[in-house]
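Down below is the structure, laid out as structure tokens.
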Amino acid sequence: MSALGKVVRSGVGRRRVQTVVIGLVVMIAVTAAVLGGSLMVASHAPFDRAFDQQQGAHLTAQFDAGKTTAAQLSASAHATGVTAAAGPFQTAVITPATNRGGPEGPIMVVGRADPGGSVDAVTLTKGRWVTGRGEIVLQTDLRLPQVFQPKPGDVLRLPDLPGSPTLTVVGTARSVSETAGGWVVPEQASTLTAAGAVGGYQMLYRFATAGTTAQVDADRAAVQASVPSGALAGTRSWLTTRINAGGNTVLFVPFLIAFGVLGVAMAILIIGNVIAGAVSTGTHRIGILKALGFTPDQVVRAYTVQALIPAVAGAALGVLAGNVLIVPILSQTNEVYGTNDSGVSPWVNVVVVAGALALVAATDWAAASRAGRLRTVEVLAVGRTPGPGRGHWAARLAARLPLPRPVTLGLAHPFARVLRSATIIAAIAFGAAAATFAVGLGSSLNQVQATESHGEVVVVSGKPESGPPPGGGPQVAAGPPPAPDPAAVVAAITAQSGTSGYSGVASTDVTAAGVTDPLEALAFTGDNSAYGYRMVSGTWFTKPGEIVVAAPFLTATHTKVGDTIVLTDHSTQITVRIVGEVFNIENRGMQILTAAATFAAAEPDLRAREYNISLKPGTDAASYVSGLNAALSAVDATAMTVEHDSDELILIINALTTLLTLMLVTVAALGVLNMVVLETRERVHDLGVHKALGMTPRQTVAMVIASVVVTGLIGGAIGAPIGVLLQRTIIGEMGRSVGFNLPASVINIYHAAELVLFGLGGLCIAVIGALLPAGWAARTRTATALRTE
């Protein structure tokens, strides 16, 4: 081994605390960066691959057949920016009943002769493509349980069409652009439009530039300008489909990037402080090395490599931890696409590790360069105690405080080395910011989950009855149970002691101008329909004809609060006004909330199948449910308490946040420990003098702990506001990443008393970091300390 190698090995072995600090701080930075980078890639990778392979449609456009012709739509393929187009395809909306009792609801079917083409090449997953009338291929939705997945041989009955025709499922397919719920031959599509309803056409477009929302909007405008006015009924951007395809995975990226940035900043500060401290306490050793013939460049390289060794180990552990933690997070995306992506991205690992080690090397070199500039004679003659006059003003000022002398001595210590103290204040601030941010993020996510609860008690329809049909034959699901008598249910609810309010909820499917797919509308009755919903802007609906929707609906329909829009329910067109934007994550934010009377013209007998009840304070839920069930005994309905299960996604985010926060706080505490160790070693002779003059071990501990009080309080005071700002920024970005605006109740979750406690968290980090060296200082023998310099 070379002489330089022996110096490096000796330095790593002697400075165990510094070695551990560097390794841990690099590990936390690399772990968070690998998680954030890998998830950023993995959240869209399956979709992007499938989109490229199938030549997915950048824009799926729905046209009113009464306002345009097929020839005019074909001409739109030459609109500005269009590079490829498919269609026009005739469309129809059917409401089938299956022979397997699957979920009911409208399906938009498209007349398409073959699955291929230059745009949206549909991939068959089972069976074959349609070849004639009476056949249909259904879109596979891997988000549904397997029992609800369509399969070849299923028969769809269409009771809303004359003669109740049937369609036999001959195959299933996947359109990455989600252009349809099913496909039939072109000549079949025209026969599926209900009497009195206007048919439609679909066009699929690819554009030269469609990477941003602004670009897609410009492309959409070009297409709209190429067809007759009013012909364009609705569009769907591939960016919206892409966000939905990413599922909840994209939620992880913003806060993981935040932790990565915090980790990198702490790594630069603490590693720089560790190396600078090592140079400061090793000046005599540096002089000996130079006297033995080591060049300034060799000395700098020795201290740099001493830091790179634990940094490499920390980076390796960070890559391993990041790749292990990403697996459970990606399980949902794999389920959606049927893929088995591990989430491990080699190039992300290489970039993160290379970047981390480059930052460490640059920081080391900058901090160690002072060792190369020191003159041999000067460093051999100088001791380690700070020079006279450094921090004396602080010592004189602290001596005037009505506190024990050991405490005042400790309070003045940070001012002897201001730059070192400043870096530790920054590290403590980042630790306090991480703790503040983590608690705030968890509270915000809990508030998000709370918006899913719309009552403490729910009344639902009685269990459906099913059994073999008369005369034998295969068993057929009976479908949903009939809605209970609303008058009887409402009378029982309002008469029950402890009722604070209630809302009846009926669900129906409608179509909206501007959206190609059918939407679920919740129709409310009662006096408490707004319970649990949080408004972002506008107001809750107060009368028929008013609706409340979430941000994804506004984005998809190119509308805003105050605009009017046309809904179609059972072939009846209803003009409604959007009066408020609500935070509602159901159905990806594409749910419509309104009064039941809004749909009176189309569905006069629409009845609520569920009643959400809020209770007066102090009401025992179990007793309330027991009494209400007794009152409902003559009605086909059952009351039960609402169970609030923790969402798996929120549990994963909270667990990751807690883990990363603990690591950051630990690293901040280790940074304090390193500083106190350096201070104690530098002042070991002074410590011996204090002990010779009668300072007891307990007073020594008090002095050492007091030396970090100022840095801890300042770091906490700086870190808490940073954590609040970080929480507001990241939680807002998490919402925007999935297309939602968040209400104030989700963002503004801190109270003044909590912020004070978070500020004091910096003091806790500092004290915890100082405990170990304080004990070492208390146990040091007076004679040993006096002989050490």
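What to note about this one:
- Any strands (runs of 3 or more DSSP E) falling wholly within region 539-618 and containing at least 1 residues that are in contact with a Leu (Cβ under 7 Å, 6 or more places away or on another chain): 546-549, 572-583, 592-595
- Filter pass, Thr539 being surrounded by fewer than 18 Cβ atoms within 10 Å (Cβ to Cβ), among the hydroxyl-bearing types (Ser, Thr, Tyr) and at pLDDT 85 or above: yes
- Tally of residues being surrounded by fewer than 20 Cβ atoms within 10 Å (Cβ to Cβ) and at pLDDT 85 or above across region 755-789: 8
- Helices (runs of 4 or more DSSP H) contained in region 366-472 and holding at least 1 residues at pLDDT 75 or above, in contact with a strand residue (DSSP E or B) (Cβ under 9 Å, 6 or more places away or on another chain) and open to solvent by less than 30 Å² (accessible area, probe 1.4 Å): 418-450
- So Ser76, is it surrounded by fewer than 19 Cβ atoms within 10 Å (Cβ to Cβ) and either modelled with pLDDT of 90 or more or part of a loop (DSSP other than H, G, I, E, B) (or both): no
- Qualifying residue in region 187-198 (condition: modelled with pLDDT under 85, open to solvent by less than 50 Å² (accessible area, probe 1.4 Å) and part of a helix (DSSP H, G or I)): yes
- Output for region 686-701, where each listed residue is more than 53 Å from the chain's Cα centre (by Cα), of a type in the set (A, V, I, L, M, F, W, C) and open to solvent by 30 Å² or more (accessible area, probe 1.4 Å): Val689, Ala692, Leu693
- Residues (acidic (Asp, Glu) and closer than 14 Å to Gln72 by Cβ) located in region 219-240: none
- Among the residues of region 491-535, the ones that are among the β-branched types (Val, Ile, Thr) and open to solvent by 50 Å² or more (accessible area, probe 1.4 Å) come to 2 in all.
The values are calculated or read from the model by the stated rules, or taken from the named source; none is laboratory data. As the structure is a prediction and not an experimental result, all values here were calculated from the model. When we count neighbours, we look across all protein chains shown, and the Cβ atoms used for this are built from the backbone with ideal geometry, even at glycine. Please note that ligands, DNA and RNA were not included when accessible areas were found on the heavy atoms of the full protein model with its side chains. Shrake-Rupley method; radii C 1.70, N 1.55, O 1.52, S 1.80 Å.
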